[in-house]
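Asks: I have a structure I would like to understand better, so I am pasting it below and will then ask my questions one at a time.
The values are calculated or read from the model by the stated rules, or taken from the named source; none is laboratory data. Source: prediction; values computed, not measured. Methodologically, a virtual Cβ is constructed for each residue, glycine included, from the backbone with ideal geometry; neighbour enumeration extends over all protein chains shown. Surface areas here come from the heavy atoms of the whole protein model, side chains and all, with no ligands, DNA or RNA. Shrake-Rupley method; radii C 1.70, N 1.55, O 1.52, S 1.80 Å.
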Amino acid sequence: MKNKFYFAWILSFLFTGVSGYGGVTFLEKNPSDKDSIIVTFGDKTRMIIYGENREELDKIMAYDLNALLRDLKIRLDSTSADTTYLREEFNGSRYLKDSSQKSEKDYVRIGLRGIHIKDGDTEVTINAKGVEVKDDGADSTYRRTGKRFYRSGRNSSPRKGFNIALGLNTYGVDKSTLGYNKDDYGLRPFGSRFISLGYIASSTIVRGENARLHLDFGVDFSWYNLMFDGNNTVAKGPDKVDFPLVTDDDGNEIEMKKSKLTVPYVNLSFMPTVSFPHAFISYISAGVYGGYRLGSYTKLRAEGRKDVNRVRENFYIEDLRYGIGAEIGIRNFPDFFVNYDLNGLYTDNKGPAVKMLSFGVRLF
């Protein structure tokens, strides 16, 4: 019984810093129960902390409960469900006070609750409510929500209107190139992101009861964010591009938090689309695109430092890009896209012979 009140006193101290919550009353545990603590907030709210033994309850001291409750309040405020019952699952490791104990494993998870991607400090969640991007390193959050992904009118293309696409970049073709080591310019899988913002106009030429044919014309701005896997960067030499290690004044290699090349484009596309008004697959689309490079720059950030170094150059990157693209729409779920550049990223004989492949989801 003494242990019970010991934990109650500590929890009372922890919760005094949480604003917006009522008084806290602690209930004694039933002797027949296993070790647990019941914390009541007012008359109708309670939190139960359960452990197999005292050692398990001791572990709660390593967690920031104030942060957990703040996140819980954000989730309650953002839910659109009109219900008195809400069930949420939390990964408790993110609330550890000692950041060295947190799991650093990156992952991509696809399930009934949507798509979840973690890459270092960045977490991306895509589900029926929209897309949420969290970047703890930059201390910023982007959230865009919506209840429907299928935007078709009665006869128009499902792709018509404003579009946002989010995906990943990789090398579709990476031929061995004399003078280059592939490890020097290899990409981090989940750090190399593709973003596109654009508008699609459409003309319907065949209207059927179960299938319709549309000609879609689009314009968009897109960004290649190519995150290098090692501590290398890209540098423009007198006659070709190089991928040197980032070093300090003494020539020692610097451990990089971020080392990436960003290339923005403005693009035009032509994508014939077949839509299915009553089917689970809402549409299938395929066509061609072409784009013009608006610039390019590198962004460097060393491990453990907040200052960022940017270098703006053309890095012998081709001014034009062109390729083929395809999409498939699934009703009440984000649309999937894939783009493949038919020309190389770098000018011939000025850089490695790589062609870009982008894939992901079209959100709106």
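Asks: If a residue must be open to solvent by 50 Å² or more (accessible area, probe 1.4 Å) and not in a loop (DSSP other than H, G, I, E, B), how many such residues does region 328-353 contain?
Replies: 4
Asks: Tell me whether region 295-311 contains one or more residues that are open to solvent by 80 Å² or more (accessible area, probe 1.4 Å), touching a Pro at 6+ places or on another chain (Cβ under 7 Å), part of a loop (DSSP other than H, G, I, E, B) and within 23 Å of Lys350 (Cβ to Cβ).
Replies: No; the residues of region 295-311 include none that is open to solvent by 80 Å² or more (accessible area, probe 1.4 Å), touching a Pro at 6+ places or on another chain (Cβ under 7 Å), part of a loop (DSSP other than H, G, I, E, B) and within 23 Å of Lys350 (Cβ to Cβ).
Asks: For region 225-242, name all the residues that are in contact (Cβ under 8 Å) with a residue 60 or more places away in the chain, farther than 18 Å from Pro264 by Cβ and open to solvent by 60 Å² or more (accessible area, probe 1.4 Å).
Replies: Asp239, Lys240
Asks: Now for a different question. Confirm whether Asn210 is farther than 20 Å from Gly325 by Cα and in contact with a Phe, Trp or Tyr (Cβ under 9 Å, 6 or more places away or on another chain).
Replies: For Asn210, the condition - farther than 20 Å from Gly325 by Cα and in contact with a Phe, Trp or Tyr (Cβ under 9 Å, 6 or more places away or on another chain) - is met.
Asks: Can you confirm whether region 129-138 contains a residue that is at positive phi, modelled with pLDDT under 85 and either surrounded by 16 or more Cβ atoms within 10 Å (Cβ to Cβ) or more than 20 Å from the chain's Cα centre (by Cα) (or both)?
Replies: Yes, the conditions are met somewhere in region 129-138.
Asks: Considering only residues that are of a type in the set (Gly, Ala, Ser) and open to solvent by less than 20 Å² (accessible area, probe 1.4 Å), look in region 253-286 and name the one that is farthest from Asp229 (Cα to Cα).
Replies: The extreme case among them is Ser275.
Asks: Of the numbered conditions (1) under 18 Å from Tyr185 (Cα atoms); (2) open to solvent by 20 Å² or more (accessible area, probe 1.4 Å), Phe315 fails exactly one; give the number of that condition.
Replies: Of (1) under 18 Å from Tyr185 (Cα atoms); (2) open to solvent by 20 Å² or more (accessible area, probe 1.4 Å), only one is false for Phe315: (2).
Asks: Mind checking which pairs have a first residue in region 274-297 that is more than 23 Å from Glu209 (Cβ to Cβ) and a second that is aliphatic (A, V, I, L, M) and at pLDDT below 95, Cβ under 7 Å, 6 or more apart or different chains?
Replies: Short answer, once both residue conditions are applied: Tyr297/Val311.
Asks: Looking at region 174-224 only, could you name the residues that are of a type in the set (Lys, Arg) and without any contact (Cβ under 8 Å) to a residue 60 or more places away in the chain?
Replies: Correct list: Arg193, Arg207.
Asks: Now, a different point. Would you pick out the residues in region 175-194 that are in a strand (DSSP E or B) and surrounded by fewer than 17 Cβ atoms within 10 Å (Cβ to Cβ)?
Replies: Lys175 - this is the single residue of region 175-194 that is in a strand (DSSP E or B) and surrounded by fewer than 17 Cβ atoms within 10 Å (Cβ to Cβ).
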